[in-house]
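These notes concern the structure reproduced below.
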Amino acid sequence: MTREIYSEQDEAFRQEIRSWLGANLPEGWGTRDFRLPRDRVERREWLRWWQAKMAKDRWVAIHWPEEFGGRDATLTQQILYHTEMAEHRVPAMIGRRGLNMAGPTLIVHGTQEQQERFLERIRFAEDLWCTGFSEPDAGSDLASLRTRGELDGDSIVVNGRKIWTSGAHYGDLLYTLVRTDSTGDKHEGITCVVIPLSADGVDVQPIRRNNGTSEFNEITFDDVPVPVGNVIGEIGDGWRVARTSLAHEHYTHFVPSQLNFAKTLEEIIKLAKSTKDASGRPRSELPWLRERIARAWVATRLVRINGMRNIAKIVESGVPGPEGSIMKLFGQEEEKKLYELALDVAGERGIFDRGAPLAADRGKWGFGYLGSRAATIGGGTSEMQRNTIAERVLGLPHDP
Ligand SMILES: Cc1cc2nc3c(=O)[nH]c(=O)nc-3n(C[C@H](O)[C@H](O)[C@H](O)COP(=O)(O)OP(=O)(O)OC[C@H]3O[C@@H](n4cnc5c(N)ncnc54)[C@H](O)[C@@H]3O)c2cc1C
């Protein structure tokens, strides 16, 4: 265990969130006496209820300015907050895309009317937001997007397709990029609009992932009229809006899950101690596994330090920078390695499906391994993070 020294104020902050969680997490939390609902719909309702409960005492969006319901949290407070959340095994906020991406984007580019209409509802999980950027032929090269938006009086009429949209099967609002002018450079003529997912002409179809879940979707828009009042930023200036959003994604969206890695590694160590090889020896005594566990321990610490460095940058300048790519690249590559390690520690019991009687830890490692393969694609691929680091951090020549 590392020993860290915090100021009295920060220690008081840590105690405050710790005691709040202690007093408010449901009875039996962290033991077999409490289980989140198994049914997906019920679980989502529970998660909405939980976020609203945290929001009531201003324990969500602590990185937002106070005037919008946040706490203007300092770097150390954000780290302590996410560490306590990880320590208590609090699940990721169901409204995280609104809290970490749409909210900060509205704070920078939204009108006062939009901020009043949307921000509080984001904090209280009354509206769950989704990000509709990727299209079948526009992912890494996002500016090639082709979904059209035609101005018609006070509306923009949207036609086209988005893909890989996380959470759209239960989300309420989508903020998305549409092409309102195709005459200039591909980065020009893009507009960012908010579309209710229940609007006429919006069709959401789930896509099945390799681990059997369907967490992302394909969306088609067929003559969907969007009021001009739902444009974030100026018409035609959507690329700038998108960049704010993506910078926040790299910056804050991945920190909570990355701080969880240390906890996941603790579980892997426990598994290594309790799993025996053919000769009856605990796998934790195998030299090659011990070495990999030690490497993973170092990596989880480095991920944490990188996360702190990135949050420090935003606290200092107010704007996320390209350094977020370092955290995204390194952290998500580590996530994959962590699950590869877990499978090697679990041995043959690691590959059983969830619920199979012989599965190690009820099948969570095989399931996590499959899910983690997408970690270095979603939110921008590792190759694209390397491009950003090369060009914008190291000043190397641009990718042709
Ligand atoms: C779990 C998950 C959740 C997602 N959620 C969302 C969401 O909510 N909203 C949303 O809009 N999108 C979402 N996405 C989509 C994601 O942003 C894209 O998959 C990603 O940006 C890559 O785009 P692509 O799939 O079109 O691949 P492509 O861009 O076609 O890339 C294919 C391959 O080519 C490589 N490549 C491409 N260009 C270059 C280059 N210039 N230099 C080097 N290599 C390059 C890539 O690294 C990749 O290996 C999600 C994806 C996943 C996996």
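Readers should treat all values here as calculations from the given coordinates under stated rules, not as data from a laboratory. Quantities reported herein were computed from a predicted structural model and do not represent experimental measurements. Here the Cβ is made from the backbone with ideal geometry for all residues, glycine too, and neighbour counts use every protein chain on show.
If you take the square roots of the eigenvalues of the alpha-carbon gyration tensor of region 265-308 and sort them as a ≥ b ≥ c, do you get rounded (a/c under 1.5), prolate (a/b over b/c) or oblate?
It comes out prolate by the Cα gyration axes.
With the cut-off at 24 Å, tell me which of the pairs K263/K336; K56/K328; K273/K364; K263/K337; K162/K364 have Cα atoms farther apart than that.
The pairs that break the limit, which is 24 Å between Cα atoms, are K56/K328; K162/K364.
Work through the residues other than R146 whose Cβ is under 11 Å from its Cβ and net out their charges, Lys, Arg +1 and Asp, Glu -1.
Combined, the nearby Lys, Arg, Asp and Glu give +3.
Order 369-377, 123-131, 180-188 from most to least packed using the mean count of other Cβ atoms within 10 Å.
For the peptides 369-377, 123-131, 180-188, the packing ranking is 123-131, 369-377, 180-188.
Could you tell me whether region 129-237 comes out rounded, prolate or oblate from its Cα gyration tensor? Rule is a ≥ b ≥ c as square roots of the eigenvalues, rounded for a/c under 1.5, then prolate if a/b exceeds b/c, otherwise oblate.
oblate
Which part of region 86-107 falls in the paramagnetic zone of E67, meaning amide N under 11 Å from the point 7 Å along Cα-to-beta-carbon?
Hits in region 86-107 for E67 at 11 Å: none.
Between I269 and R309, take the C-beta separation as r, use R0 = 35 Å, and let me know the FRET efficiency to the nearest 0.05.
Rounded to the nearest 0.05, the efficiency is 0.85.
Just subtract the alpha-carbon distance of V108 and E383 from 0.36 nm times their residue separation and send over the number in nm, one decimal.
Taking 0.36 nm per residue and subtracting the Cα distance, the gain is 96.2 nm.
Rank by packing, highest mean first: peptides 109-121, 203-215, with packing defined as the count of other Cβ atoms within 10 Å averaged across residues.
109-121, 203-215
Name the long-range amide H neighbours of I207: under 5 Å, sequence gap of 5 or more, or other chain; modelled H, no Pro or chain starts.
F216, N217, E218
For S182, what is the net charge nearby, where nearby means another residue's Cβ is under 10 Å from its Cβ and Lys, Arg count +1, Asp, Glu -1?
Residues close to S182 contribute a combined charge of +2.
First select every other residue whose beta carbon is under 14 angstrom from the beta carbon of G321; then total the charges, Lys and Arg +1, Asp and Glu -1.
Summing Lys/Arg as +1 and Asp/Glu as -1 gives +1.
Length gain on complete extension for the stretch S214 to R18, per 0.36 nm per residue less the alpha carbon to alpha carbon distance?
67.2 nm
Return the FRET efficiency for the residue pair S144, L286: r is the Cβ-Cβ distance, R0 is 51 Å, and the value is rounded to the nearest 0.05.
Given R0 = 51 Å and the Cβ-Cβ separation, E is 0.55.
Taking 7 Å along the Cα-to-C-beta vector as the label spot, tell me the S166-W29 distance in nanometres, rounded to one decimal.
So the two model labels end up 2.3 nm from each other.
Give the shape of region 8-94 as rounded, prolate or oblate, defined through the alpha-carbon gyration tensor: a ≥ b ≥ c are the square roots of its eigenvalues, a/c under 1.5 means rounded, and otherwise the shape is prolate if a/b is larger than b/c and oblate if not.
It comes out oblate by the Cα gyration axes.
How far apart, in nm, are the 7 Å Cα→Cβ label points at E316 and A92?
With each label point 7 Å from Cα toward Cβ, the separation is 2.8 nm.
Compute the length gained on full extension between R392 and D223: take 0.36 nm times their separation in residues and subtract their Cα-Cα distance, giving the result in nm to one decimal.
57.0 nm
Using only the alpha carbons of the chain, determine the length spanned along each of the three principal axes and report them from longest to shortest in whole angstroms.
Computed over the chain, the largest-to-smallest principal extents equal 75, 48, 45 Å.
Ranked from highest to lowest mean number of other Cβ atoms within 10 Å per residue, what is the order of the peptides 96-107, 221-232, 8-19?
96-107, 221-232, 8-19
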